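Shown next, in structure tokens, is the structure this report addresses.
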Amino acid sequence: MRILTQLALLLIFLRVVVQQQGPSRSHSLQFFFMGASHSESGLPSFVALGYVDEHLFVHYDHENRKAKPQGPWIQKEEIDQFWVRLTQSLKGWAHMFIVDLWTIMDNHSQSQGSHILQVILGCELLEEDNRTRSFWKYGYDGQDYLIFHPETMNWTAAQPEAQVTKQEWEMNKIRAKQHRIYLERDCPEQLQRYVETGSEILNKKVPPLVRVTRHVTQEGVITLRCQAHNFSPGQITLSWLWDGKQLNQGTELRDIHPSGDGTFQIWISVDVISGEEQRYACQVEHPGLDQPLIMTWEHHPRSVTLATGITIGIFVSIIFTTLAVIIWKKKKVSRRLMRNYILAEEIFSC
């Protein structure tokens, strides 16, 4: 169940990263909270994941109530004090999260059924001018709900149903100040410390492994799929070229997914006409590559010829073996007849 929860949270994370990252993006610290009001949904009441850039460094849930380190780089910190402080912070966030969930349900007059709350908060250090950008967003039952603005300490309702909660939270000035202090002071300080601690891992660039494969559906549609995997960081661009020109439509690009070992994977596909596969090429751009990588589908007729040759060889071998056995048997019979003839001749001559 924990795996499913992490996957759901990670999908939110990836969507946010794609929306926010750009040429000016440097490093980010992000926390993701999710929980359900009732256990019948199969989800815990609270689970938290913490990321520096794309790297998971902490896991916390309401059942264990302890911050657990994830990944090797963050463990270089002062272990005891760091994790004690982080556990206390997450305990406080867990309590606030559960109160928020039931407050929203009450504002929606939803006392029955299971409902899910999702929160993403954190900050980014922008490389171009060392400026900080922060965010604190709520989602409810899979839909955007509320967005906090630290500069004004107000909330934006992403849907009309969130207006009541917006007004209630804006009346709580202490809460708004606490949010603002964390986003504008504490979060950037934490991020700077994490970046310094894990610089070796965070700045490591692993180029992608890329291959192009050909697939045929039951309906006879031919699809070329370009797969990139084992790359880090998660910033990557995939596109299809047709006779050297970039295709802007007719392609399908999937989301980036973690591989589970700190690297990522993604693929892009395009439908083609039989016989025109070689006119298509996949172009891959990644920080770990000195220049864009161009890959095409490699047809391997030799493998078919080799298989056919092996089959023919086995067939010929069987034929020769059979003929050899037949010839040997004929020779054996001939020798026996010859001996009988010689014996009979000797008898008659006597």
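Summary of computed values
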{"item": "Order of SER199, SER134, SER111, SER45 under a 10 Å beta carbon neighbour criterion, fewest first", "result": "SER111, SER199, SER45, SER134"}
{"item": "Sites GLU298 and SER26, calculated FRET efficiency, Cβ-Cβ separation with R0 56 Å, nearest 0.05", "result": "0.90"}
{"item": "Ranked VAL119, VAL216, criterion: other C-beta atoms within 10 Å, fewest first", "result": "VAL216, VAL119"}
{"item": "Sequence of ARG175, ARG65 once ranked by neighbouring C-beta atoms within 10 Å, starting from the fewest", "result": "ARG65, ARG175"}
{"item": "Label-point gap, in nm, between LEU247 and GLU189 - each point 7 angstrom along Cα→Cβ", "result": "5.2"}
{"item": "Whole-number percent relative contact order across region 209-295, with pairs defined as alpha carbons under 8 Å at least 6 apart", "result": "33"}
{"item": "Pairwise label distance in nanometres, ALA157 with GLN178, each label 7 Å out on the Cα-Cβ vector", "result": "2.4"}
{"item": "Computed E for GLN218/GLN81 - FRET, C-beta separation, R0 45 angstrom, nearest 0.05", "result": "0.15"}
{"item": "Shape parameters for region 28-180, alpha-carbon atoms, Rg then Dmax in Å", "result": "16.3, 49"}
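FYI, it's all coordinate maths here, none of it is from the lab. Just so you know, these numbers come straight off a predicted model, no measurement behind them. Here the Cβ is made from the backbone with ideal geometry for all residues, glycine too, and neighbour counts use every protein chain on show.
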